[in-house]
Amino acid sequence: MDEGSAGKRTFVDRNLARPDLSPVETLAQIESCRAWMQLRDVGADPEYAALLEQIIDEFRGPAERVSPGLSAPRADIFVSSPGSTTPFHLDEEHNFLLQIRGSKKFSIADGFNPAVLEPERLRAYFHGSGELAPYSGHLEQHSVHVDLGPGEGVHIPPCHPHWVQNGNEVSVSLGILWFSDVTARRRHLYRVNGWLERAGLHPSVPGSSPLGDSIKALPLVMKRRLRRWVYR
């Protein structure tokens with residue numbers, strides 16, 4: 001697979017504390033149960049699919065200029081209790097989050113900075129260790145802090161660890177996630193490195209050898225360019 005996160009451990013696998021409630025009960029008690037809920041891939045519903053298509057059409061141009069190859073867009077809805085916190089984690093995809101109701105405070109760490117995300121941690125992520133990243137207070141000096149109210153949004157670049165603190169009322173937000181040439185290339189490089197490591201070799205860390213990365217990524221680059229040419 002060029003995109004996706006098959007086999008990757010998630011929040012559920014980490015056995016985080018959560019209320020002993022069904023999804024329906026959680027929504028009914030969201031004001032007091034101190035929980036957050038992610039409704040994943042709501043674009044599977046025809047009405048949300050139409051909304052997702054409309055949103056993607058609006059920002060495809062700017063997104064393509066920043067990071068070409070927009071693909072596999074997905075829409076998620078997040079519903080959170082007052083004061084709830086989403087743990088420090090990272091996502092492989094591009095992520096644009098639009099606040100609909102309530103407020104959120106984001107802390108988004110610089111994923112390009114080794115002081116935030118060590119190469120070995122990123123390697124472990126792409127080998128399936130999961131989306132939770134270790135947090136410590138010093139990361140805040142390498143982070144951007146964003147306060148969101150209704151009608152406001154924020155873009156979280158791929159593999160930029162972040163945590164979210166909800167405001168004093170129920171929060172509802174819409175997340176638009178997508179992959180690109182950047183995300184596909186990063187995943188491909190770690191996959192190729194995994195093959196080489198299993199063969200007993202010691203490949204260079206992605207990003208440390210531009211020439212080596214280009215050679216490893218060439219088949220993927222050609223494949224994605226051919227796919228876009230056929231689509232057009």
Meets criteria (touching a residue at least 12 places away in the same chain (Cβ under 8 Å) and not hydrophobic (A, V, I, L, M, F, W, C)) for Ser22: no
Criterion first (more than 19 Å from the chain's Cα centre (by Cα), on the phi < 0 side of the Ramachandran plot and either modelled with pLDDT of 90 or more or assigned by TED's automatic domain parsing to the domain that holds Asn168 (or both)) does His94 satisfy it? no
Does segment 12-43 hold any residues that are surrounded by 11 or more Cβ atoms within 10 Å (Cβ to Cβ), among the aliphatic types (A, V, I, L, M) and at pLDDT below 95, and which are they? Leu21, Leu27, Ala28, Ile30, Ala35, Met37, Leu39
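Okay, residues lined up against (1) part of a loop (DSSP other than H, G, I, E, B); (2) over 23 Å from Asp110 (Cα atoms); (3) touching a Ser or Thr at 6+ places or on another chain (Cβ under 6 Å):
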position	(1), (2), (3)
Pro158	yes, no, yes
Asn168	yes, yes, no
Arg185	no, no, no
Trp195	no, yes, no
Ser208	yes, no, no
Segment 33-44 residues that are under 17 Å from Leu177 (Cβ atoms), paired with ones that are acidic (Asp, Glu) and surrounded by fewer than 17 Cβ atoms within 10 Å (Cβ to Cβ) (beta carbon under 9 Å, 6 or more apart): Gly43/Glu53
Give just the number: which of (1) crowded, with 18+ Cβ neighbours inside 10 Å; (2) under 29 Å from Glu53 (Cα atoms) does Ser143 not satisfy? (2)
Taking into account only those residues within segment 197-211 that are surrounded by 13 or more Cβ atoms within 10 Å (Cβ to Cβ) and at pLDDT 90 or above, which is nearest to the chain's Cα centre (by Cα)? Pro206
Tell me, which residue of segment 70-83 that is buried (at least 20 other Cβ atoms within 10 Å of the Cβ) and not aromatic (Phe, Trp, Tyr) is farthest from Pro23 (Cα to Cα)? Ala75
Specify which of the listed residues (Val192, Val116) is surrounded by 14 or more Cβ atoms within 10 Å (Cβ to Cβ) and either in the same structural domain as Asp76 (by TED's automatic domain parsing) or within 15 Å of the chain's Cα centre (by Cα) (or both). Val116
Has segment 61-80 got at least one residue that is in the same structural domain as Tyr135 (by TED's automatic domain parsing), modelled with pLDDT under 90 and under 25 Å from Leu148 (Cα atoms)? yes
Determine whether segment 85-100 contains at least one residue that is surrounded by 14 or more Cβ atoms within 10 Å (Cβ to Cβ), under 24 Å from Ala35 (Cβ atoms), acidic (Asp, Glu) and touching a residue at least 40 places away in the same chain (Cβ under 8 Å). yes
For residues that are out of contact with any Gly (no Cβ under 7 Å at 6 or more places or on another chain) and touching a residue at least 40 places away in the same chain (Cβ under 8 Å), tally how many sit in segment 45-55. 1
Any hit, segment 52-65, residues being assigned to a strand (DSSP E or B) and within 17 Å of the chain's Cα centre (by Cα): no
Please determine, by comparing only the residues of segment 119-137 that are in a helix (DSSP H, G or I) and free of Cβ contacts under 8 Å to residues at least 12 places away in the same chain, which one is surrounded by the fewest Cβ atoms within 10 Å (Cβ to Cβ). Gly137
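The values are calculated or read from the model by the stated rules, or taken from the named source; none is laboratory data. Small disclaimer: the values here were computed from a predicted structure and weren't measured. Counting neighbours? That spans all protein chains shown, and the Cβs are built from the backbone with ideal geometry, glycine included.
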